[in-house]
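Here the structure comes first, spelled out in structure tokens, and everything after it is commentary.
The values are calculated or read from the model by the stated rules, or taken from the named source; none is laboratory data. The structure displayed is predicted, hence computed values, not measured ones. Here Cβ is always computed from backbone atoms with ideal geometry, including for glycine, and neighbour counts include all displayed protein chains. In case anyone asks, the SASA skips ligands and DNA or RNA and just uses the protein heavy atoms, side chains included. Shrake-Rupley method; radii C 1.70, N 1.55, O 1.52, S 1.80 Å.
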Amino acid sequence: MRAPELDLLLWSGLMNRPEMAKFFWIKSGQPVLNALTMCMLFRRLAARPDITPVIMKEMLQSAQDFEDLALGVQTIAMHEDMTIALDALENPSIIWDDMRLLDVAVHGKCEKFIEGCCREALDRRFAGDLMPYG
């Protein structure tokens with residue numbers, strides 16, 4: 001999605017407006033990628049030294065909320081069609097300079113998402129043609 005919704009989603013995250021960010025996330029065309037992006041954004045903003053402890057706690061909670069959203073959408077996708085859901089984790093992203101969804105999750109320290117949705121994708125990535133199950 002390269003539309004005003006993406007810009008507004010990022011802006012609302014930068015302004016620490018998680019409710020507004022969720023609104024634009026709902027409108028986004030790539031819910032898992034955008035949720036992981038917001039998770040990473042909120043975590044990195046919370047780590048800034050000029051952020052007060054109260055705001056840091058809110059940002060970390062927002063990051064967790066967006067990670068849960070990504071996990072929920074990806075889990076539903078995996079129940080519907082495992083092959084397509086796993087392929088989606090390895091598709092290059094236009095907005096992240098061809099980074100894969102799995103890489104965005106790693107950079108965002110989205111451990112819950114990685115543990116819940118990425119085990120098979122990681123096996124595919126590292127085992128490649130050596131996969132014993134087809």
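Okay, here's what the table says:
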{"read-out": "Residue tally, condition over 22 Å from residue 45 (Cα atoms) and β-branched (Val, Ile, Thr), over the range 70-117", "value": "6"}
{"read-out": "Qualifying residue in the range 81-103 (condition: touching a Phe, Trp or Tyr at 6+ places or on another chain (Cβ under 9 Å), touching a residue at least 40 places away in the same chain (Cβ under 8 Å) and closer than 27 Å to residue 16 by Cα)", "value": "no"}
{"read-out": "Pick from the range 1-44, criterion out of contact with any Lys or Arg (no Cβ under 8 Å at 6 or more places or on another chain) and of a type in the set (D, E, K, R), ranking: farthest from residue 58 (Cα to Cα)", "value": "2"}
{"read-out": "The range 87-106: number of residues that are in contact with an Asp or Glu (Cβ under 7 Å, 6 or more places away or on another chain) and buried (at least 19 other Cβ atoms within 10 Å of the Cβ)", "value": "1"}
{"read-out": "Options 109, 57; residue that is open to solvent by 80 Å² or more (accessible area, probe 1.4 Å) and under 12 Å from the mean Cα position of the chain (by Cα)", "value": "109"}
{"read-out": "Output for the range 2-26, where each listed residue is surrounded by fewer than 16 Cβ atoms within 10 Å (Cβ to Cβ) and not β-branched (Val, Ile, Thr)", "value": "2, 3, 4, 7, 11, 14, 15, 17, 19, 20, 23"}
